[in-house]
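Reviewing the structure listed below.
What follows draws every value from the coordinates through simple rules; no lab data is involved. Values in this document were obtained by computation on a predicted structure and should not be read as measured data. Positions of Cβ are generated from backbone atoms using ideal geometry, with glycine treated the same way; all protein chains shown enter the neighbour counts.
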Amino acid sequence: MTAADYAWFEDRPPGLSESYCLTLARGLTPADFLDRLGARADATRTGAEALFEPSMDLWDAHDGRELLIGVTEVSGHRGAWALGLEFNGFLGITPELLVPLSAGTITVSHSRDIEFVGGFYWAEDGVIRLYFEPMNACYREGSTPDAVAGVMRNAGFDLRVEGEAEHCTEAALALAERLTGVRVTPELLEESTYHCGIVPVP
């Protein structure tokens, strides 16, 4: 999979690409995932669009101090993964939450906000192996920042260019699939049932 395979993400589900966070954790159930984030249970909702309005309402009420996340189970490398979906959120790229979420497993998370700023994390058993901003993939941090440089290039990142990278959101989705085996599709996002939780931001 490459950035071109995720061109649909710009339009489906409506509004998600403008400000989102997608997080994948191997072997965790939705309940495990939410428990590791310290979430308090909220309603179960079907379809990504059902998360939009409550996410915006919660932001307006708490000014980003509490965020809504919906979690569903998906298939990937070595079995089941939990997929966490946020509209206008950033829980999955918050190291204070990402690191404990990855304990004993692998977690991959990426995001973008309305100003086109985002982050990509790959963590394993409490260690951040890779972090970079998709718009500036030439700058990478983590314990193994170059371990998947070739995979990044094949997914669609130009590691030589600083800033204004094209299709970096789509490339982030392709890279996440290459690392996890989870293929995100519009149908998956639009038809899944999400176990939702409200998480205080550290």
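Quick notes on this structure:
- The calculated 222 nm mean residue ellipticity attributable to helices in the chain amounts to -7500 deg cm²/dmol, summing -39500 (n - 2.57) over DSSP H runs of n ≥ 4 and dividing by all residues.
- Cα long-axis angle, helix 168-180 against the chain (0 to 90 degrees, to the nearest 10): 80
- Charge dipole of the chain (Cα centre as origin; +1 on each Lys and Arg Cβ, -1 on each Asp and Glu Cβ, all else neutral): 800 debye, rounded to the nearest 20.
- Phi angles across region 188-202 convert, under the Karplus curve 6.51 cos²θ - 1.76 cosθ + 1.60 with θ = phi - 60°, into 3J(HN,Hα) values of 4, 5, 7, 10, 6, 9, 10, 7, 9, x, 10, 10, x, 7, x Hz, Gly and Pro given as x.
- Pairwise Cα distances in the chain exceed 26 Å in 25 percent of cases.
- Per-residue HN-Hα couplings for region 106-111 [Karplus 6.51, -1.76, 1.60; θ = phi - 60°; Hz; x = Gly/Pro]: 10, 10, 10, 9, 8, 8
- For the chain, with +1 on Lys and Arg beta carbons and -1 on Asp and Glu, the positive-most of 144, 15, 99 along the dipole: 144
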